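Written out below as structure tokens is the structure these notes cover.
Where a number appears in this text, it was derived from the coordinates with a stated rule and is not lab data. In this text the structure is predicted, and so the values were computed from the model without any measurement. Every residue, glycine as well, gets a Cβ built from its backbone with ideal geometry; the counts of neighbours run over all protein chains shown.
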Amino acid sequence: MAQSAWDELGDLAKTVGAAKIRDLIADDPGRTSSMVVEGAGVTLDYSRQRMDASVLKALLRLAKERGVAQRRDDMFAGKHINVTEDRAVLHIALRLPKTAKLEVDGVDIVAEVHEVLDRMSDFATRVRSGEWVGHTGKPIKNVVNIGIGGSDLGPVMAYEALKDYSRRDMTFRFISNVDSNDLYEDLRDLDPAETLFIVSSKTFVTLETMTNAAAARDWVKQGLGDDADVAKHFVAVSTNAEKVEEFGIDTDNMFGFWDWVGGRYSMDSAIGLSTMLAIGPENFKEMLAGFHELDEHFKSAPAEVNLPMLMGLIVVWNRNFLNCPTNAVLPYDQYLVRFPAYLQQLTMESNGKSVKLDGTPVDSETGPIYWGEPGTNGQHSFYQLIHQGTSVIPSDVLFFNESLNPIGVQHDYLVASALAQAAVFANGRTAEEVKADGVEERLVPHKVMPGNRPCNVITYQRLTPHALGTLVALYEHTVFTCGAIWGIDSFDQWGVELGKAMANNLSPQLIDGAPPTPGQDDVTTAAVNRYREALGRQ
Ligand code: G6Q
């Protein structure tokens, strides 16, 4: 029987995986072109990975054996690939052009998507033009998104990323934490008469969001009077019309989405309303076009030049065969300041799983830990550990060729820093090289850089709404590819759901001294009691 691709990769890990990236680079000048792939305006240079053509071939065979392309096609066709929730996974439908056709369970979902998009555009235009006014007749100057997790991280990341395209005469804020400090700090200098809240919650029952939304409603009433028309200051984004109505938001001012959009895959649905208000409907459409272009690439590009497929396979190689438990995300662009946080949710909530689709335990490690910060800032803090720590940390270094706001040669310095770091990650610095610099003997071991840290360099021409769309879709499908290889459900989040239920159980105990829930552990009960005592509640 032929050896499986997985086993072949295990063997290759002992040979190619044990090689030095600096030697792989030196021995194969062809890597500078054979390991650089372009598509949808993205260039992926993976020549600094600890792999060669034989590893790539085996990874591509692994993708075939694990049916990645079939699962991808099933997703695009609307099959219920989210098996534990029995749902289709169709964030790709959010960015289909109006002319496309996609029917799911007999429903033309493209028409539904565009109906919502048109309503969003109309609403955004009215707010941005000053036509939509608050209770006192003043136009809206401040937009506050209230949401958490998937209903927050995408919007805040996109707002930060596309700030250069945003209305500078408007203020955009994002309240997520149930910690009242978050709400306090975001509202303290705003005038309720000029403030619009977007309550973003797929379920409209999430503790944090509903609590913050109620507090925001009180804040509006306090500022504008008890009989103020708060409806002029609240819109909702949700799949739950009943709960929206119950909260007191007119369902005419509700923008819907569907159960086939996962929270962490929803920034291009109505959850992106704050983004659209910030950058305008045209730019939002450009962003959707970017998502769509990458979707088409994922759907049709041959595996060996398919960017998300390659990136996913590289993650699998580093995670499962080179045993790297974490992955750093290092965007060299200050506008991408929240991109690592956004990616943490996308990757870790999707692929932080221990059982396969059929409920049996996985046969290998799954999703790595993602973390990071923009360069160059990270260079002056945690890069030290990447360079000389005892763990090998692969990274994605990302930059744009052009700066949106060039000043002198600053952008050249930025790119020089990105490439310099990538070079050290890959090649390190040997003792000989350190000695050749005249370093005194006793310091040589301290200045040696082991290198051999795998690294992708991802580049774009310019940070545009379109580019951001392709970037997010690139990672969405990278995550998909990994999940398909591991055979897990990348679209459920039972750990998150449990957290929500647990908080709902404990809150009445803290507030009213309700009895512990059956089966609650003593340590938790003791902590609840200590908290109540500290506040003089018992
Ligand atoms: C995302 C997760 C989770 C979710 C939040 C908010 O994939 O399911 O992060 O987005 O818990 O949920 P609601 O939008 O329902 O408030």
Exercise. Restricting the search to segment 183-200, which residues are over 18 Å from Leu224 (Cβ atoms) and either in contact with a His (Cβ under 6 Å, 6 or more places away or on another chain) or surrounded by fewer than 18 Cβ atoms within 10 Å (Cβ to Cβ) (or both)?
Worked result: Tyr184, Glu185
For this session: State which residue is farthest from the chain's Cα centre (by Cα) when the search covers only segment 344-371 and only residues that are closer than 15 Å to Asn327 by Cβ, more than 14 Å from the ligand (Cβ to nearest atom) and not in a loop (DSSP other than H, G, I, E, B).
Result: Ile369
Problem set entry | Qualifying residues in segment 133-161 (those that are surrounded by fewer than 23 Cβ atoms within 10 Å (Cβ to Cβ) and farther than 22 Å from Asn212 by Cβ) - the one farthest from the ligand (Cβ to nearest atom) | Gly137
Seminar exercise, completed: Counting only residues that are in a loop (DSSP other than H, G, I, E, B) and closer than 11 Å to Tyr342 by Cβ, segment 145-163 contains a total of 1
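For Leu44, are the conditions met, namely being under 30 Å from Pro281 (Cα atoms) and in contact (Cβ under 8 Å) with a residue 40 or more places away in the chain? If you could, list the steps in order and put the result at the bottom.
On the way: under 30 Å from Pro281 (Cα atoms): yes; in contact (Cβ under 8 Å) with a residue 40 or more places away in the chain: yes.
Answer is yes for this residue.
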Exercise. Is it the case that segment 44-64 has a residue that's over 29 Å from the mean Cα position of the chain (by Cα) and polar (S, T, N, Q)?
Worked result: yes
For this session: Could you look through segment 1-26, keep only residues that are over 32 Å from the mean Cα position of the chain (by Cα) and part of a loop (DSSP other than H, G, I, E, B), and pick out the one that is farthest from Gln421 (Cα to Cα)?
Result: Met1
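When you check Thr239 against the structure, is it under 24 Å from Val496 (Cα atoms), without any contact (Cβ under 8 Å) to a residue 60 or more places away in the chain and surrounded by fewer than 21 Cβ atoms within 10 Å (Cβ to Cβ), yes or no?
On the way: under 24 Å from Val496 (Cα atoms): yes; without any contact (Cβ under 8 Å) to a residue 60 or more places away in the chain: yes; surrounded by fewer than 21 Cβ atoms within 10 Å (Cβ to Cβ): yes.
So Thr239 fits the description; yes.
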Problem set entry | Residue pairs meeting the criteria (Cβ under 6 Å; at least 6 apart or on separate chains; first under 12 Å from Gly149 (Cβ atoms), in segment 264-281; second assigned to a helix (DSSP H, G or I) and within 11 Å of the ligand (Cβ to nearest atom)) | Arg264/Gly150; Arg264/Gln345; Arg264/Leu346; Arg264/Glu349; Tyr265/His91; Ser266/Gly150; Met267/Gly154; Ile271/Ser151
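Within segment 200-256, can you find the residues that are among the β-branched types (Val, Ile, Thr), over 24 Å from Ser121 (Cβ atoms) and either within 14 Å of the ligand (Cβ to nearest atom) or out of contact with any Pro (no Cβ under 7 Å at 6 or more places or on another chain) (or both)?
Of everything in segment 200-256, those that are among the β-branched types (Val, Ile, Thr), over 24 Å from Ser121 (Cβ atoms) and either within 14 Å of the ligand (Cβ to nearest atom) or out of contact with any Pro (no Cβ under 7 Å at 6 or more places or on another chain) (or both) turn out to be Thr203, Val205, Thr206, Thr209, Thr211, Val230.
Test Ser176 against the stated conditions and say whether it is of a type in the set (Gly, Ala, Ser), within 11 Å of the ligand (Cβ to nearest atom), closer than 22 Å to Val496 by Cβ and touching a strand residue (DSSP E or B) at 6+ places or on another chain (Cβ under 6 Å). Show your work before the answer.
Values: of a type in the set (Gly, Ala, Ser): yes; within 11 Å of the ligand (Cβ to nearest atom): yes; closer than 22 Å to Val496 by Cβ: yes; touching a strand residue (DSSP E or B) at 6+ places or on another chain (Cβ under 6 Å): no.
Here the answer is no, as Ser176 does not meet what is asked.
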For this session: Select from segment 323-353 the residues that are free of Cβ contacts under 8 Å to residues at least 60 places away in the same chain and either under 25 Å from Asn401 (Cβ atoms) or of a type in the set (Gly, Ala, Ser) (or both) and list them in ascending order.
Result: Gln334, Pro340
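Working carefully through the options Phe339, Phe382, find the one that is over 29 Å from Leu9 (Cα atoms), among the hydrophobic types (A, V, I, L, M, F, W, C) and out of contact with any helix residue (DSSP H, G or I) (no Cβ under 7 Å at 6 or more places or on another chain).
Values: Phe339 fails: out of contact with any helix residue (DSSP H, G or I) (no Cβ under 7 Å at 6 or more places or on another chain).
Every option except Phe382 fails the conditions.
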Exercise. Limited to segment 485-504, what total is found for residues that are among the acidic types (Asp, Glu) and either near the ligand (Cβ under 9 Å from one of its atoms) or touching a Cys at 6+ places or on another chain (Cβ under 9 Å) (or both)?
Worked result: 2
Exercise. Across segment 403-433, what is the number of residues that are touching a residue at least 12 places away in the same chain (Cβ under 8 Å) and touching a Leu at 6+ places or on another chain (Cβ under 8 Å)?
Worked result: 3
